[in-house]
Structures are given as structure tokens and as C-alpha cells.
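Since the structure comes first, as C-alpha cells, the remarks are kept for the end.
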Amino acid sequence: MPNHDFCNIKRPKGQKVEMKVGVIGLGAMGAPMARYVHGKGVLTAVGNRTQSKADALASELDVRAARSPANFADCDLVILCVSLDADVLENVAALAEVLKPGAIVVDHSTVSLETARRSAAMLATHNIGFLDAPVSGGAEGARNGKLSIMVGGDEAQLERVREVLDSYAARITHMGGTGAGQATKAINQILVAGINEAVCEGLALGEKLGLEPERLLPTLMAGAASNWFLDKRGATMLRDDFAPGFKCQHMLKDLRIVQGIARDSGIRTNTIDQAAADYAELIERGHGESDTSALIALKRARAVVESDAEQA
């Protein structure tokens, strides 16, 4: 059995690591991660589907901009942070052909349990390690180096790369074998989606009742309703500022993964299904690139529809 207390110990971020590291996927999460890895003095190469992003960051950090999987061949560790299951599998298949035996791939993407298991199996045939290690904390957590990382896979492999992951983590937890990281992220996303639903519905009602945000938000945050989403997004959503921290389209993608996991497990999925339907509607309304707090726009619209129906 893993010693979870030991697994959660954070080591000093200034310790030197003897390792060559590559990062693939340089979006809102991956680019800040790459900068923290560079701060450890171990970043060797960066890659991205849009080559210009890789070129720009490589120039900024004075590292190699990968133009093919072969550019990661000398890496001891490759970190993935991409959007879709297909992207993970494509990158894993390519890396399996070029990485040396004993290298490790850490995947921070949110994907299905099956994708995590397939990735681990593909790499294992080449004696390359794999950790499914989705993250929580949003773009702010990535920028501030305060992500929560939930890890599935071999604990010894985690210990080999922990110092690198620790550069951008507030907490690293070994959850169990391959797939346990993605299973944990599924639970995380159910809770996040449910909180988003409640906060947006509550604040939409607060607006209808004429409550002043300057008084309402700190009052709610001082009591049992306090939560990350209310704290970080409450004021901005009431100003109709939906600059993305975590996009609606990414939330819907995650919720559809969670729906499959939950239904296979035989639990009721009321919260997941409602959130998935709402985010699908938001995307239809053109909010796919907006922050998930754009959900308040849907709650406001429903309030108007229901009010009109009552008057009729």
C-alpha cells in the first residue's frame, strides 16, 4: 500500500534536478508549467500543435522548439498538457518510438480512464513509464505554481519526477494505479460543475432581487457558501467579464468523459447531466471560448423566460 502521507510531502522548490525535460501543449496551462520547469534549469524542448507558439516560447526561454517527436528523443521526462483523448494517444504513440527506455511521460490532460490505460500499455512495450496526472486549479493555479496534481501509475516513477512536478504544484497526491489520477479528476469535475451551477443560479437570483454585489459576495464568502468559484469568479461574472480561465468547451468535454465513467459505475448522474446540458447550450449560444462563469448568462435568461411565463 502506498504511504499517502509521504506522497503528499512537498520538497523545497529550489532543489536542483538532473534531468532533461520536454513539454508538449503550450496553452493556458502548459505554457506556465513550462516556465516553472525552465526555472528548475531542466527544460530542454517545447512543442505545440501550432508551431508558432512553440517557436515563441522556445525563443523566450532559450530552449529547443520541437518540430517532430524526434526532438524529444534525449528527454528523460516529457510532460503532456493537451486537449483531447486523440491528442494524448497521438503524442504517446509518437513518443513511444523515440524516447529511450526508462524515460517517463506525465500526462496532465483530462481524458478517459481507457485513454490513460492505453497510453500506459503503449509505452510499457518500450519500457517507458507513464503517469496519468490531471490537474486542478485553473489557469491561475498554473500561473502561480499552485496546482493540485492527482497521479495514477507507479509510485516509484512518480518519485523520480516529483521534483519537476513540484515546481508548479501546491499538492501532489499518488492516488493509486494507472487511471486513478483520471478517476480522481472525474470526481473533481462533478464537484466543480455542481458548484458552478449553484453559484451562477444563486447570483442570478441575487441580481433579480436587487442585492448589491459589494455586500453580497463578501457576506457569502464569510459563511458556509464560501468556495473557490465564488471567490475567483463571483465579481467578474457579475460584471459580465468572461475572459477564460477554464473554457466552457473544455468543461463540456470533461463532463462528457465523466458521464461515461459515472454511468459505467451505475450511479445517478443528475448533476452531471444538468451541467452537461447547460454547457452544451452555452456553446450553441457562442460561449465556447468563454470562461465557465458565463453560465450565469444562461441562468439569467431562464429567469427572464420563467418570469414572462408567469405573467402570461
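The values are calculated or read from the model by the stated rules, or taken from the named source; none is laboratory data. It should be emphasised that the depicted structure is a prediction, and the values quoted were computed from it without experimental measurement. Note that we place each Cβ from the backbone using ideal geometry, even for glycine, and neighbour counts take in every protein chain shown. Areas reflect the complete protein model, heavy atoms only, side chains present, ligands, DNA and RNA absent. Shrake-Rupley method; radii C 1.70, N 1.55, O 1.52, S 1.80 Å.
Structure values in brief
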| read-out | value |
| --- | --- |
| Condition check for GLN259: open to solvent by 70 Å² or more (accessible area, probe 1.4 Å), closer than 23 Å to ALA186 by Cβ, at pLDDT 95 or above and of a type in the set (S, T, N, Q) | no |
| Selection count where residues are of a type in the set (A, V, I, L, M) and not in a helix (DSSP H, G or I), scope the range 60-73 | 4 |
| Every residue from the range 139-162 that is open to solvent by 10 Å² or more (accessible area, probe 1.4 Å), farther than 26 Å from ARG118 by Cα and touching a residue at least 60 places away in the same chain (Cβ under 8 Å) | GLU140, ARG143 |
